[in-house]
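Engineer: Next up is a structure, given as structure tokens.
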Amino acid sequence: MSSSLEFASISRSFGNTEVLHQVSLTVEPSCCVALLGASGSGKSTLLRIAAGLDQSSSGQVLVDGENVNGVPSEQRGIALVFQKPLLFPHLTVVDNVAFSARMAGQSRKAARQHAMSYLELVHLSAVAHRSPGRLSGGQEQRVALARALARNPRILLLDEPFSSLDSRLREDMHLLVEDIRTELAPTIVLVTHDRREASALADSIAVLDNGRILQHGPVAQLHYQPATLAVNRILGGLNAVPGELIGDVHHSALGRIAVQPGLVNGPAFLTVRQEAIRIVAPGDGTATGCVTALKSLGAHTLVHIALSGESGPSETLTVEVPGDPGVAVGRSIGLRPTDGCGWAVTR
Amino acid sequence: MTSRMTPGTGHAALLALPAVLPIVVVLAVSLVAAALQSLGLMPFIGPPQLSGDAWTGDVQTLVRSGLASVYIASISTVLSLAVGFVLAAYVLTMPRMGRLVETLSAATIPIPHLIGAGAIGLLLSDSGFLDRLLGMPDSFPALVAGPGFLAVIAEYAWKESAFVALVVLGSISRSVGDLCDAAATLGATAGQRILRVVLPLAVPSLAISAVIVFVYTLGSYEAAWLLGPVSPEPLPVRAVRLFGSVDLAARPQAMATALVTVAVSAVAILAVVFLLRRFRSLR
Amino acid sequence: MIPTLQPASASMRRTLPGGFPMQLILGFLLILWIVLPMAPVFLWSIAGQWRAPAVLPSSYSLQGFSALITPDTARAAASSLSLGFGVAMIATPLGYLGAVAVRGLPAVPGRAVEFVLLAPLAIPPFALVMGSNVALLRLYVSPTFGVILVLVVTALPYTAFMFRSALASYDQRFEEVARSLGASPGQAARTVRYPLLASAAARAFFLAFLVGWGDYIATLLIGGGQLRTLPMLLGSAASATGNEQLTAALSLTIIVPPLILLAGLTLPARVRGRQ
Ligand SMILES: Nc1ncnc2c1ncn2[C@@H]1O[C@H](COP(=O)(O)OP(=O)(O)O)[C@@H](O)[C@H]1O
Ligand SMILES: [Mg+2]
């Protein structure tokens, strides 16, 4: 039932401001792609274009390789769950879920029966005959999800559907999405500004920044092999150590670290994730530094370190360690990356 | 901490007084005085004398007046709701033309019914503007002062459809766009979005405007007086004529007519309240 | 008065059935519906000669308007203005107080007050006027005051309703935020509540003004000929035949001031809404 979705150089301008610039992105059938970006980066606009609620200024949306530009949204078979639940206030919960079947011409009874199975899927059959005004936020969002799924969509678009829920509810919803994926296997585009949500739910992540796709790849690749400094930052990477690239080896205050081949020699940044560096005794690491600050994240602690470089201004580095770091501000320590191979970017 | 916006109960009751008092006094005084006068107990001159003549004397014309008024009000209300809803739907869906339609229709709101009636008279009368536009056909019907109160109904439908559109727009324009987007992604076609989303969302505001329009057109004098036929007389026209009559015996009849109008209005309001309750409990 | 609309979204734009030509035709029909009745008024007001089969006047003149330049009309305009402003200046604050009271009262008395505030809508104005007429005479209330009293009662449902709906969407916590940021109760009211309720107040004032400015029946029955307002002049002109020019010019004279007021009330809000 699920289809592939492809954006082919989609651009969209509102007046003089270009909100999307030549966005190209492919989502394979039954895959879940997370579209990650700050608010205002154009994520909702891209989804609205896919759903047929908005027109692109140029470019094409392809579903199973077919151009759907000009096809009205009611005929696209693409369901969209909005940030707000947008349940119809004049219909009960079950009639909201039955809406698409009614639109397709089914009888009220058949449509309700069909709807009940989707309400069971989201564990809400108990509130089927309530009016939507009497639901909690999490319930509303689940009904919205059931309503979209009851349409039997080829593609499911989720526009930050969980961002207004508290963290426990959000985790419940994540489990629900996983259930839905194993049971119905729809093609999903999940828009979010939360990289943890993106990593937890999606097969791959596409980073959208200022209307441009910066990188699209598997979750681990985005974290450990970011294409640019911006991707590194958006995925929560705190470190970008400037240095010099000579023959696939990065020279910096952090020492000499072999990086991916194929880059031209010259200035480059070493992006090393704060989770991928270990604090060791001063002589044992590839570099040394001095602890300048400690910041607790609860179960984890961020350790800010001034690297003692051989020359030039000293660089700072952040390391995330589980539990008590066992160091105090002012202490000299050694540092060692956990992977043998580093990752460098030039911009 | 109680700020002045949510006053204490006693304080709030005091605040209500300046608005509630004049309403209660004027309403009570006029209804009681009307009832007393209709029964001959509060004559303009002379001693009070109980009599039911005003009620029983000319029942037939009173009933005919009542029926004429209910007819005018019902047709006008249905037309106003239909045109008003179309106006609102058009304004919501068409970005540029809709704004023009919205502005123009809002601009008719301040026009008093007296002027509306005069305008409809110039438009629809025999050899009026419409007649001339159509080339003065012989078959042009007697809309003004003719049977069926067509010009009166046209005036009410014209003025009140703009009012209905305004009420509907005010109550749904904020939410309807997003809900139509949601409906479209759920497979609702254009017609289905209008009938299954926009219309049900507008039902409460349509019901409320229906009551207001019905009661208003039932009790409105100017258009019925300027554009209606001599007979049958709608209730307000009959009441005002009797009220102004040199024959002081007509006063009680005027009061009886006025009270019948009030009673019909009350029945209409109760009916809609009842229907809305049923409508809500059915869901 | 006029809701501020969001621009129609793409799917709303396709929500009207029928293609673009149908939508255009519907739009023209609706505009025709709104504008057509006022067209003969406008034409008559500037017509010199306009005999029967002619679709347009054969000559134009301002005789209708120049016939209006009399002390009598000026006095009537002054009466209408003072009636409009008088009713508005009384009914607006009373409506505000009523709405605030409904909000502050517990459910049952609150409903009762709300019912009373809306009750005048259920009584046709002519019935109200006729019933109270004798009583006003017996109490030696002056006709002008009587008219104002009855019209204030007629206008109160509108003003109270405007403030009711504004208060319903007005969040009490705005003022609490202001207080927590160091504003005194008076400052909080001045800088937060009044600006937020200003547009509702303007709409309420406008509606109440219209009730007084355009009234015919109360002035006719209670004023008893003593109070001559513009609608009274129009009523006698319109019921007689043969002075279409005067009727039309007088009609426009009555419509224009409220329209200017309306534009003044809504345009600034719109411009702000656009920004
Ligand atoms: N209808 C519109 N008219 C004008 N600008 C718009 C419209 N919709 C979105 N934008 C602009 O497009 C940009 C991206 O919006 P959006 O796609 O909603 O971002 P996101 O969902 O990533 O937060 C924003 O700067 C927003 O102001
Ligand atoms: Mg968004």
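Engineer: Among the residues of the stretch A:261-279, which ones are more than 13 Å from residue A:337 (Cβ to Cβ) and buried (at least 18 other Cβ atoms within 10 Å of the Cβ)?
Structural biologist: Residues satisfying the conditions are A:268, A:269.
Engineer: Same structure again: Give me a count of the residues in the stretch A:188-211 that are closer than 18 Å to residue A:229 by Cα and of a type outside the set (D, E, K, R).
Structural biologist: Adding up the residues that qualify gives 7.
Engineer: Restrict the check to the stretch A:280-301 and report whether at least one residue is crowded, with 19+ Cβ neighbours inside 10 Å, among the β-branched types (Val, Ile, Thr), part of a strand (DSSP E or B) and modelled with pLDDT of 90 or more.
Structural biologist: Yes; the residues of the stretch A:280-301 include at least one that is crowded, with 19+ Cβ neighbours inside 10 Å, among the β-branched types (Val, Ile, Thr), part of a strand (DSSP E or B) and modelled with pLDDT of 90 or more.
Engineer: Further, regarding this structure: Name the single residue that is nearest to ligand 2 (Cβ to nearest atom) among those in the stretch A:207-221 being crowded, with 18+ Cβ neighbours inside 10 Å and touching a residue at least 24 places away in the same chain (Cβ under 8 Å).
Structural biologist: A:208
A quick yes/no check of all residues on (1) more than 16 Å from ligand 2 (Cβ to nearest atom); (2) farther than 16 Å from residue A:148 by Cα; (3) outside the structural domain of residue A:151 (by TED's automatic domain parsing):
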{"site": "A:28", "(1), (2), (3)": "yes, yes, no"}
{"site": "A:41", "(1), (2), (3)": "no, yes, no"}
{"site": "A:52", "(1), (2), (3)": "yes, no, no"}
{"site": "A:61", "(1), (2), (3)": "yes, yes, no"}
{"site": "A:90", "(1), (2), (3)": "yes, yes, no"}
{"site": "A:96", "(1), (2), (3)": "yes, no, no"}
{"site": "A:100", "(1), (2), (3)": "yes, no, no"}
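Engineer: Scanning the stretch B:36-70 for residues that are touching a residue at least 40 places away in the same chain (Cβ under 8 Å) and facing chain C (nearest Cβ under 8 Å), which turns out farthest from residue C:129 (Cα to Cα)?
Structural biologist: Checked the stretch B:36-70; the qualifying residue farthest from residue C:129 (Cα to Cα) is B:44.
Engineer: Among the candidates B:273, B:211, B:246, single out the residue that is among the β-branched types (Val, Ile, Thr) and under 24 Å from residue B:54 (Cα atoms).
Structural biologist: B:246
Engineer: Continuing with this model, one more query. Would you point out the residue of the stretch B:8-49, among those that are open to solvent by less than 60 Å² (accessible area, probe 1.4 Å) and among the polar types (S, T, N, Q), that is nearest to the chain's Cα centre (by Cα)?
Structural biologist: B:30
Engineer: OK, next. Of a type outside the set (Val, Ile, Thr) and under 19 Å from residue A:38 (Cβ atoms) - does that describe any residue in the stretch A:240-255?
Structural biologist: Within the stretch A:240-255 (the criterion being of a type outside the set (Val, Ile, Thr) and under 19 Å from residue A:38 (Cβ atoms)), the answer is yes, since at least one residue qualifies.
Engineer: Only residues that are touching a Lys or Arg at 6+ places or on another chain (Cβ under 9 Å), farther than 21 Å from residue A:342 by Cα and of a type in the set (A, V, I, L, M): list them for the stretch A:280-302, please.
Structural biologist: The answer is A:291, and nothing else.
Engineer: I would also like to ask the following. Could you give every pair whose Cβ atoms fall below 7 Å, whose first residue belongs to the stretch C:18-35 and is open to solvent by less than 100 Å² (accessible area, probe 1.4 Å), and whose second residue is of a type outside the set (A, V, I, L, M, F, W, C), counting only separations of at least 6 or pairs across chains?
Structural biologist: Going by the 7 Å Cβ cut-off, the qualifying pairs are C:26/B:90; C:27/B:90; C:30/B:90; C:34/B:105; C:34/B:108.
Engineer: Select from the stretch A:159-176 the residues that are more than 12 Å from chain B (Cβ to nearest Cβ) and within 16 Å of ligand 2 (Cβ to nearest atom) and list them in ascending order.
Structural biologist: A:160, A:161, A:162, A:163, A:164, A:165
Engineer: Looking at A:156, A:124 in this structure, which one is within 14 Å of chain B (Cβ to nearest Cβ) and away from ligand 1 (no atom under 16 Å from the Cβ)?
Structural biologist: A:156 is the lone residue from the list that is within 14 Å of chain B (Cβ to nearest Cβ) and away from ligand 1 (no atom under 16 Å from the Cβ).
Engineer: In addition: Would you mind finding the one in C:107, C:112, C:52, C:127 that is more than 29 Å from residue C:258 (Cα to Cα) and at the interface with chain B (Cβ under 7 Å from one of its Cβ atoms)?
Structural biologist: None of the other options fit; the residue is C:52.
Engineer: Right, next: Of the conditions (1) open to solvent by 30 Å² or more (accessible area, probe 1.4 Å); (2) at pLDDT 90 or above; (3) touching a helix residue (DSSP H, G or I) at 6+ places or on another chain (Cβ under 7 Å), residue B:156 satisfies every one except a single condition; which number is it?
Structural biologist: (1)
Engineer: Also: Of the residues A:230, A:258, which single one is assigned to a helix (DSSP H, G or I), surrounded by fewer than 22 Cβ atoms within 10 Å (Cβ to Cβ) and among the hydrophobic types (A, V, I, L, M, F, W, C)?
Structural biologist: Going through A:230, A:258 in turn, just one is assigned to a helix (DSSP H, G or I), surrounded by fewer than 22 Cβ atoms within 10 Å (Cβ to Cβ) and among the hydrophobic types (A, V, I, L, M, F, W, C): A:230.
Engineer: While we're here: Does the stretch A:47-73 hold any residues that are within 12 Å of chain B (Cβ to nearest Cβ), assigned to a loop (DSSP other than H, G, I, E, B) and away from ligand 1 (no atom under 13 Å from the Cβ), and which are they?
Structural biologist: Residues satisfying the conditions are A:52, A:71, A:72.
Engineer: Every residue in the stretch B:226-272 that is touching a residue at least 24 places away in the same chain (Cβ under 8 Å), assigned to a helix (DSSP H, G or I) and open to solvent by 50 Å² or more (accessible area, probe 1.4 Å), please.
Structural biologist: Answer for the stretch B:226-272, where residues must be touching a residue at least 24 places away in the same chain (Cβ under 8 Å), assigned to a helix (DSSP H, G or I) and open to solvent by 50 Å² or more (accessible area, probe 1.4 Å): just B:253.
Engineer: Next up: What is the one condition in (1) away from ligand 1 (no atom under 16 Å from the Cβ); (2) in a loop (DSSP other than H, G, I, E, B); (3) open to solvent by less than 10 Å² (accessible area, probe 1.4 Å) that residue A:79 does not satisfy?
Structural biologist: All conditions are met except number (2).
Engineer: Please note which helices (runs of 4 or more DSSP H) are completely contained in the stretch C:211-275 and include at least 2 residues that are at pLDDT below 85.
Structural biologist: Filter on the stretch C:211-275 gives C:230-239, C:244-274.
The values are calculated or read from the model by the stated rules, or taken from the named source; none is laboratory data. Not measured: the values here are computed from a predicted model. A quick note on method: Cβ atoms are made from the backbone with ideal geometry, for glycine too, and the neighbour counts reach across all protein chains shown. Accessible surface is based on the protein model in full, side chains and every heavy atom, while ligands, DNA and RNA are left aside. Shrake-Rupley method; radii C 1.70, N 1.55, O 1.52, S 1.80 Å.
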